[in-house]
1. Based on Cβ point charges of +1 for Lys and Arg and -1 for Asp and Glu, what charge dipole magnitude is obtained for region 583-702 about its Cα centre, in debye rounded to the nearest 20?
2. Can you give the net charge of the other residues whose Cβ lies under 9 Å from the Cβ of F275, counting K and R as +1 and D and E as -1?
3. How about region 107-197: which GluC sites (Glu not before Pro) there are in a DSSP loop, with at most 16 other Cβ atoms within 10 Å of their Cβ?
4. Within 10 Å of each candidate Cβ there may be at most 14 other Cβ atoms; applying that plus a DSSP loop requirement, which GluC sites (Glu not before Pro) in region 560-664 survive?
5. Report, to the nearest 10°, how far helix 113-125 tilts away from the longest principal axis of the Cα atoms in the chain, using its own Cα long axis and a range of 0 to 90°.
6. Using Cα pairs closer than 8 Å and at least 6 residues apart in sequence, work out the relative contact order for region 367-460, in percent.
7. Around A385, under 13 Å between beta carbons, what's the net of Lys plus Arg minus Asp minus Glu among the other residues?
8. Quick one: net charge around K449, please, counting Lys, Arg +1 and Asp, Glu -1 for every other residue with C-beta under 13 Å from its C-beta.
Amino acid sequence: MLVKCIVNKLRIPLRKMSIFTQSFDPITGCAIWEEKDPDYDYHQEVARSAFADMLHDHERNQKYYDALQIAIETKLRQGQQAHVLDIGTGTGLLSMMAARCGADSITACEAFKPMAKCALEIIKHNGFDSKITLIKKRSTEMTVGETGDMRHRANILVTEVFDTELIGEGALQTFAHAQEHLLEEDSIVIPSRSTVYVQIIQSDLVDSWHRISPIKHPKTSKTLLNPPKSIQKCPGSLAVHDLQLSQLPRASFTPLSPVLPLFHFDWTGRTPLVFNETSEVVFKGISGGKASGVFMWWDIVMDTNEEIVLSCAPVWEHPDAMVRGSDSTSMSEAVDGIPWRDHWMQAVYYLPEEVEIEESEECRLMGCHDEYSFWFKLTRGEAEAPEPPACECSVHIAYPRTRLGQLNDKSRNEKYLRALERSITPDTTCLCFSDGSLLGLAAAKLGAKEVVILEPNHMSRRALESFVRGNELEGRVRILQGVEEMPEGVQDLVFGEPYYANSIFPWDNLRFWYLASHFAPGVKALPCAARVRGVPVEFKDLHKIRAPVGICEGFDLRIFDELVMASSEISDDPVEVHPLWEYPGRALSSPFDLAAFDFNERFDENCEQSFNGKIPIIESGSCNGIALWVDWHLDPETIVSTGPTTEVTPGQRISWDMNTRQGVFLLRKIEDVTSSHVLTWSLKYQLKRDRNFVFNFNVELQ
């Protein structure tokens with residue numbers, strides 16, 4: 001009861017009036033008005049501030065706790081008082097740890113006002129409000145002095161301002177400012193230092209997320225489309241590609257270099273932090289091959305004695321991995337032996353140019369960073385420091401890396417090309433309704449008389465035009481900017497992959513049906529149908545991003561749970577999208593259909609349909625989510641799935657398509673299930689509403 005009373009203090013008073021916000025309908029492409037809670041923006045901010053998976057990270061929490069204990073005992077043993085500064089306190093967890101460890105004073109700062117208010121209540125509820133002072137500011141705005149935010153400087157700093165890229169959240173500025181303005185000279189800093197590690201690899205899979213390969217005929221293997229040289233030579237984008245590297249199939253990459261420590265950051269201030277730095281390392285290749293990219297991760301040393309180390313290394317290099325090996329079984333066991341994190345993953349950086357490495361050859365890797373980002377260059381000899389990569393071909397700006405992966409997916413392309421070839425004659429006029437569709441261009445190479453492509457995105461249009469010129473398709477391909485340019489007359493085929501840059505959920509790509517129905521009614525469509533499918537899953541870790549924290553390291557954080565979950569109910573769609581190949585999970589039943597759509601029927605914008613059913617649970621386990629995806633039926637014989645890549649077997653891990661994100665309905669109440677349970681489900685399909693697809697799932701006893 002006490003928790004609920006405190007939470008009520010955090011909520012904004014209820015108002016009777018709703019507000020209406022304008023948003024974009026991804027299916028029709030039209031603006032729609034949505035009725036929202038009057039405090040929708042506030043609740044959305046609160047819901048987005050939740051990093052519950054970080055609070056579930058026991059290793060992280062405990063190592064911070066241990067380092068605080070050592071630091072505070074050190075200051076007290078030296079005859080000093082222990083004055084702790086906690087930057088970016090969030091829930092107040094680290095500040096409460098410091099209080100329990102015996103700190104004389106603790107100053108916590110939190111700039112996000114709703115979270116700061118929540119932290120105040122959590123601190124009070126746990127009985128530490130007399131020891132912890134919370135400042136609702138950024139640390140870089142804080143002052144010290146009689147009238148300042150702190151009466152005197154702190155001699156212990158504890159903070160967690162890191163991301164996958166280590167410095168992407170502004171860690172350099174945060175630590176540098178604290179050292180100069182907020183800390184005493186002999187302060188203990190937690191963590192004390194960090195090391196960035198890199199490894200050069202060869203991988204066709206990694207290549208597929210960066211460069212575009214030729215598209216070949218499925219029968220003759222002759223090249224249909226070649227990527228222009230401007231695209232092949234483009235250095236790409238500076239944006240980091242964060243991944244759960246431990247989930248990459250071990251056979252999908254080959255290390256070409258040993259693991260190389262490249263950057264070292266001293267957070268204590270004894271060595272000045274550098275905001276723009278170049279570092280290089282000379283190494284000998286451990287295997288021969290073409291360098292596809294650089295894997296990166298980091299570790300942090302928590303204490304000055306360098307005895308407490310937290311590593312973000314992938315499984316094959318993690319110091320705590322249970323098993324080292326290359327076969328799938330031992331890799332799986334090793335993953336079980338290291339902490340799961342979604343807040344700190346690993347990263348892939350793409351090299352600006354392809355370099356061949358020979359085994360035992362001496363090479364040089366140069367790395368650079370500014371205040372927020374890293375970039376790399378591989379050479380065989382002396383070279384100037386590289387400039388940050390910037391896309392020159394439009395492809396890396398127009399398409400996310402998963403889209404590049406789709407364009408390079410040979411199995412997927414082959415299905416589309418075979419279906420296209422069966423539908424195309426020398427007299428065929430083909431309309432293509434997909435963003436950035438190289439397969440639409442391939443239709444011209446397969447013999448279509450004319451291909452008309454609707455491409456509203458400027459960058460994507462530039463990229464397609466370069467393909468048209470590079471493959472001598474002028475006169476056979478027209479690229480339109482908007483629907484107002486659509487040609488009149490009879491077309492023979494409407495084609496789509498379907499893919500749209502503005503789509504978030506898998507079913508948003510039903511925009512293809514809308515466009516085909518409106519601009520080519522009665523014309524043969526490829527694909528001809530779609531099914532929304534699902535399967536109940538026991539996720540190994542993914543559910544932690546929304547699971548309540550409850551009691552964390554002995555501190556009651558239920559106020560945080562209540563605040564975030566209440567805001568999430570108001571502002572969040574219950575379905576999220578995730579690349580499920582990165583998040584292991586077991587199927588608890590066979591897959592089932594939720595809805596089917598026939599593209600030969602007219603698309604009705606005013607249509608509202610309801611679907612429901614029951615699915616028997618086959619395998620016992622913890623049902624914490626429902627995975628959702630779309631199967632596209634190209635013709636009666638050919639299906640392209642955005643979900644599982646192999647047959648789903650209850651009780652076994654699901655293998656997911658690596659180039660699409662699947663929908664996930666994470667259950668608020670996690671249920672332990674057996675074959676005595678059923679999953680009841682419903683789906684409402686309604687256009688011109690705030691949510692086009694409304695899902696509901698419940699676990700019940702039969």
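Since every read-out is calculated from the coordinates, none of them should be taken as a lab result. On a predicted model such as this, the values are computed, not experimentally measured, just so you know. Quick reminder, even Gly has a Cβ in these numbers, built from the backbone with ideal geometry, and neighbours come from all protein chains shown.
1. 560 debye
2. -3
3. Taking region 107-197 and a limit of 16 other Cβ atoms within 10 Å, the loop GluC sites (Glu not before Pro) found are E146, E169.
4. Answer in residue order: E601, E605, E637, E647.
5. Result, in degrees: 50.
6. Reported relative contact order: 24 percent.
7. Combined, the nearby Lys, Arg, Asp and Glu give -4.
8. 0
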